[in-house]
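Student: I'd like to ask you about the structure that follows.
The values are calculated or read from the model by the stated rules, or taken from the named source; none is laboratory data. Every value quoted in this text rests on a predicted model; they were computed, and no experiment measured them. Glycine gets a Cβ as well: all are built from the backbone with ideal geometry, and neighbour counts include every protein chain shown.
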Amino acid sequence: MTVNWPGFAEIVHGSQEFILTSHIRPDCDALGSALGMALILEKLGKQTQVVMGQSTPPNLAFIDPDHRVKTIGKEVQLGELVDADVHMVLDTSAWAQLGDMGDVIRATTARKIIVDHHIGEDDLGAEHFKNTSAEATARLVVEAADALDVELTAAMATPLYAGLATDTGWFRFPSTSPNTYLIASRLVAAGAVPNDIYSKLYERDSAGRVRLRGLILSRIQMELDGRLVHTYVNGTDYEATGSLPTDTEDVINLTLGVAGTEAAVIFVGQPEGGFKLSFRSRCQMDCSQVAEKFSGGGHKAAAGAFINGSLDEIREPVLAAVRQAMG
């Protein structure tokens with residue numbers, strides 16, 4: 001899929017003030033893409049703000065050493081964000097994933113653009129610069145830098161490498177291609193340090209995070225002769241284990257380590273109620289199609305959604321949809 005980068009460059013060169021955002025429950029690709037893009041724009045003399053609907057998870061704070069990412073309702077208010085030349089949404093095309101930043105996007109009369117690699121999309125009234133075959137939005141930001149003739153710096157490369165590496169499972173997922181390694185090589189040449197990024201992501205776990213992961217893995221249930229694995233975490237488990245909701249990040253990938261597993265689901269209870277759903281597939285099941293049934297989205301091999309209700313109310317309908325998709 002070809003992105004209209006000349007059209008993107010025309011918008012950038014014709015604008016001065018940019019507000020960048022991404023999805024709630026931000027991960028490395030969301031944060032890294034937004035930060036990388038902001039730094040690219042600033043190289044061109046543009047004014048930027050990066051504002052999210054939810055705060056940066058503590059375990060990902062290293063990605064933003066200068067504390068540039070603000071949270072709406074905390075460091076900045078809705079009324080301060082409506083006026084800008086361009087509102088840029090990265091790594092999502094869904095209203096439900098914008099949180100309170102969705103109100104900003106609805107209220108603004110500014111030009112709106114989307115840079116994303118996910119399949120599903122809502123009508124945000126925006127111009128799309130999407131490539132659903134891209135392994136990460138971070139890759140698209142690197143391509144944007146090329147289109148704008150901006151040389152990558154270490155400050156750009158570090159968050160972008162984190163986004164690229166994590167969205168490909170550290171280059172393990174089928175989305176990884178020869179071009180992925182070329183992009184990674186460029187980011188390392190620009191100053192990203194892979195072992196340092198990996199260490200900050202995975203080798204600084206809190207005791208609470210380890211306890212929570214152990215609890216989630218202890219609840220694994222198998223179905224369909226071991227082809228389907230699912231587990232859950234309740235909203236009350238965080239306090240009980242001394243952990244945070246963000247400590248559930250990537251746990252679902254551990255369930256795929258069980259021999260014979262073709263699909264996995266995790267129900268992640270939120271402290272304020274409801275459950276975040278995460279789906280993974282190694283079979284014919286298209287996770288994005290399953291997630292869409294619950295107003296979510298993503299990719300064929302990995303997708304997510306959010307659903308209200310108790311675990312007893314939602315578990316069987318969700319698992320039924322997964323079983324049907326698995327065939």
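Student: So R209 fits all but one of (1) under 16 Å from I63 (Cα atoms); (2) over 17 Å from the mean Cα position of the chain (by Cα); (3) touching a residue at least 40 places away in the same chain (Cβ under 8 Å); what number is the exception?
Tutor: So R209 meets the others, but not (1).
Student: Of the residues in the stretch 289-304, how many are closer than 16 Å to A96 by Cβ and of a type in the set (K, R)?
Tutor: 1
Conditions (1) farther than 27 Å from D286 by Cβ; (2) assigned by TED's automatic domain parsing to the domain that holds D247; (3) in contact (Cβ under 8 Å) with a residue 24 or more places away in the chain; (4) not in a loop (DSSP other than H, G, I, E, B), marked per residue:
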| site | (1), (2), (3), (4) |
| --- | --- |
| A30 | no, no, yes, yes |
| S55 | yes, no, no, no |
| P65 | yes, no, no, no |
| G99 | no, no, yes, no |
| I114 | no, no, yes, yes |
| D123 | no, no, no, no |
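Student: Right, another one. Are any of the residues in the stretch 71-78 in the same structural domain as A9 (by TED's automatic domain parsing), surrounded by 24 or more Cβ atoms within 10 Å (Cβ to Cβ) and in contact with a Ser or Thr (Cβ under 6 Å, 6 or more places away or on another chain)?
Tutor: Of the residues in the stretch 71-78, the ones in the same structural domain as A9 (by TED's automatic domain parsing) are 71-78.
Still in the list and also surrounded by 24 or more Cβ atoms within 10 Å (Cβ to Cβ): none.
No.
Student: Follow-up. Which residue pairs have Cβ atoms under 8 Å apart, sit 6 or more places apart or on different chains, and have a first residue in the stretch 15-26 that is surrounded by 24 or more Cβ atoms within 10 Å (Cβ to Cβ) and a second that is in a loop (DSSP other than H, G, I, E, B) and hydrophobic (A, V, I, L, M, F, W, C)?
Tutor: From the stretch 15-26, the pairs are F18/A84; I19/L81; I19/A84; I19/A110; T21/L98; H23/A94; H23/L98.
Student: Scan the stretch 66-99 for residues that are in contact with a Leu (Cβ under 7 Å, 6 or more places away or on another chain) and among the acidic types (D, E) and jot them down.
Tutor: Result: no residue meets the conditions.
Student: I need the strands (runs of 3 or more DSSP E) fully contained in the stretch 184-285, keeping only those with at least 3 residues that are touching a Leu at 6+ places or on another chain (Cβ under 7 Å), modelled with pLDDT of 95 or more and among the hydrophobic types (A, V, I, L, M, F, W, C).
Tutor: Numbers: elements: 221-223, 228-233, 263-269, 275-281.
It comes to 263-269.
Student: Only one residue in V82, V51 is surrounded by fewer than 17 Cβ atoms within 10 Å (Cβ to Cβ), of a type outside the set (D, E) and farther than 25 Å from E151 by Cβ, so which one is that?
Tutor: Details: V51 fails: surrounded by fewer than 17 Cβ atoms within 10 Å (Cβ to Cβ).
That would be V82, the only listed residue that is surrounded by fewer than 17 Cβ atoms within 10 Å (Cβ to Cβ), of a type outside the set (D, E) and farther than 25 Å from E151 by Cβ.
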